[in-house]
1. I'd like the Karplus ³J(HN,Hα) series for the stretch 200-212: coefficients 6.51, -1.76, 1.60, θ = phi - 60°, whole numbers in Hz, and an x wherever there's a Gly or Pro.
2. Determine ³J(HN,Hα), in whole Hz, for all residues of the stretch 160-176 in sequence, where each value follows from phi through the Karplus function 6.51 cos²θ - 1.76 cosθ + 1.60 and θ = phi - 60°; x replaces Gly and Pro.
3. Tell me, what is the FRET efficiency for GLU131 and ASP75 to the nearest 0.05, using R0 = 41 angstrom and their Cβ-Cβ distance as r?
4. Give me, ordered by chain and number, the residues 5 or more places off THR230 or on other chains with an amide H under 5 Å from its own placed amide H.
5. Rounded, prolate or oblate: which fits the stretch 127-207 when a ≥ b ≥ c are the square roots of the eigenvalues of the alpha-carbon gyration tensor, with rounded for a/c under 1.5 and prolate only if a/b beats b/c?
6. Per residue of the stretch 49-54, in order, report the coupling 6.51 cos²θ - 1.76 cosθ + 1.60 (Karplus, θ = phi - 60°) as ³J(HN,Hα) in whole Hz, putting x for Gly and Pro.
7. Can you list residues whose amide H is under 5 Å from VAL206's amide H, if they're 5+ apart or on another chain and H is modeled 1.01 Å from N?
8. Among 125-138, 80-93, what's the highest-first ranking by average C-beta atoms within 10 angstrom per residue?
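Please treat every number below as a calculation from the coordinates, not as lab data. The structure presented is a predicted model; accordingly, all values stated were derived computationally and were not measured. Ideal geometry is used to build each Cβ from the backbone, glycine not excepted, and the neighbour counts take in all protein chains shown.
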Amino acid sequence: MNARPLPPTVPPPRFKRGPVIAIVVVVVVLALAGWALWHAVAGAADEGPTPAQMRSQQQRIESLEQQVATLSRSDQISRDANRDLQAALSERDEEIAGLRADVAFYERFVGATGQRRGLSVHELTLQPQDEQAWHFTATLTQNLNRGAVNAGRLLVSVEGTEAGKLRRLGWADLRQQPNAPGVPYSFKYFQQVEGDLLLPPGFKPVRVIARVVPQSGAAVEQSFPWAQATAKEGAGEGAATR
């Protein structure tokens, strides 16, 4: 008996894995990319300041600005106070110097060791009132007769030029009053007497002369250069004549 031939063997079907793997890889890559993006966004959100932190920083800035303004104001106040203090100290120094000069002046005429001097004009100063008017202050002194009262009158005259010629203006001319009386004085050791002078327009003064006429005794004249008498520091003793 003839054997029956076996049916041909059919191999099992074989699937293609290439496309599946590619799809899986793409899905995984997309998942990883999405996770990385979410992590970056979440991290950035976590690192940014919160509204409360923003308000706190703004308050801190305002506080620092206020402190800077306060310190600047305090520094300006300190500078102003220091300037005022320096000015006050300068004024006190001037007062002290003036008091020392006064003490030396008093000792000169009142002190036991002071030099004995007769009636004289110790100082004469002039201050302008306007273009023609001047105010004078004369300091009269004497310590020869200590304790005795010296009384009399002071008359002032001015020498200068007018229209190119020398001219002397007497007390009546300067007062613009005929027979004008002099300025009265009465003192034991010293006294300041004051008065006003009026110069005519165009007159250029050169020197001022003070004439002291006591009730008893000889008159005394002392001249002072006009520039010296009108200086800020005042005028010292002038040249004496009798």
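1. Calculated HN-Hα couplings, in order: x, x, x, 7, 10, x, 10, 8, 10, 10, 9, 10, 9 Hz.
2. Couplings: x, 10, 9, 6, x, 10, 6, 8, 10, 9, x, 4, 5, 5, 5, 8, 6 Hz.
3. Efficiency at R0 = 41 Å is approximately 0.30.
4. LEU126
5. Taking the square roots of the gyration eigenvalues as a ≥ b ≥ c, the stretch 127-207 is prolate.
6. x, 7, x, 5, 5, 4
7. GLU159, GLY160, THR161
8. For the peptides 125-138, 80-93, the packing ranking is 125-138, 80-93.
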